[in-house]
Structures are given as C-alpha cells and as structure tokens.
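A short write-up of the structure that comes next.
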Amino acid sequence: MALSARNRLAGTVESVEKEGLMAEVAIEVADGQTVTAVITSNSAERLGLEEGAEVDAVVKATEVMVENQ
C-alpha cells in the first residue's frame, strides 16, 4: 500500500497491549527511542502486530505543538 506520508520511522514492536476496542502499540525506533500509538484492537489483529515484528511508525499530523521547557 502506498502512502503519501513522508515521516516514517522504522522500528520493532516492543509491546501490544489490547484493552477492549483499543490497543496501545509501543515501537522502538532509532537510538532506542520509543514511539507509542493507540489504534483499534481490530487493526492490531489485522496487521498481525506482536512483540518483535518489524514495522514502520508513520506520522501524519495536521498540527505539532512545541512547549518551552
């Protein structure tokens, strides 16, 4: 499937925690950083997501907020 999103982070699934209709997927990307996504449990099953799977975290957002620390 081709996507227009250019922000792709290759990584490995660290965990998939399903609770009811939703699933939280943690993906380890470059330099040991973790990206977490919340998707439907149905999507997690359809994609066959499980610990150790090689995936891409695709980021497509209309807004990014920046906070001064």
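The values are calculated or read from the model by the stated rules, or taken from the named source; none is laboratory data. This structure is a prediction, so every number in the text was calculated from the model and none was measured. Note that we place each Cβ from the backbone using ideal geometry, even for glycine, and neighbour counts take in every protein chain shown.
Kindly provide the set of residues from segment 28-69 that are more than 18 Å from M1 (Cβ to Cβ) and either in contact with a Lys or Arg (Cβ under 7 Å, 6 or more places away or on another chain) or not in a loop (DSSP other than H, G, I, E, B) (or both), ordered by number. Let's see the steps before the verdict.
First, pick out the residues of segment 28-69 that are more than 18 Å from M1 (Cβ to Cβ): 28-36, 38, 41, 50-52, 61-69.
Selection gives E28, A30, D31, G32, T34, V35, T36, V38, S41.
I'd like the full set of residues that are at pLDDT 95 or above and touching a Ser or Thr at 6+ places or on another chain (Cβ under 9 Å), limited to segment 47-69.
Those that are at pLDDT 95 or above and touching a Ser or Thr at 6+ places or on another chain (Cβ under 9 Å): L49, E51, G52, A53, E54, V55.
Suppose we filter segment 6-36 for residues that are over 15 Å from V55 (Cα atoms) and aliphatic (A, V, I, L, M); how many remain?
Number satisfying all stated conditions: 3.
Looking at segment 43-69 only, could you name the residues that are over 12 Å from the mean Cα position of the chain (by Cα), without any contact (Cβ under 8 Å) to a residue 12 or more places away in the chain and surrounded by 10 or more Cβ atoms within 10 Å (Cβ to Cβ)?
E45, R46
I'm trying to understand the selection: among the residues of segment 53-69, which are within 11 Å of I27 (Cβ to Cβ) and not hydrophobic (A, V, I, L, M, F, W, C)?
Within segment 53-69, E54, D56 qualify.
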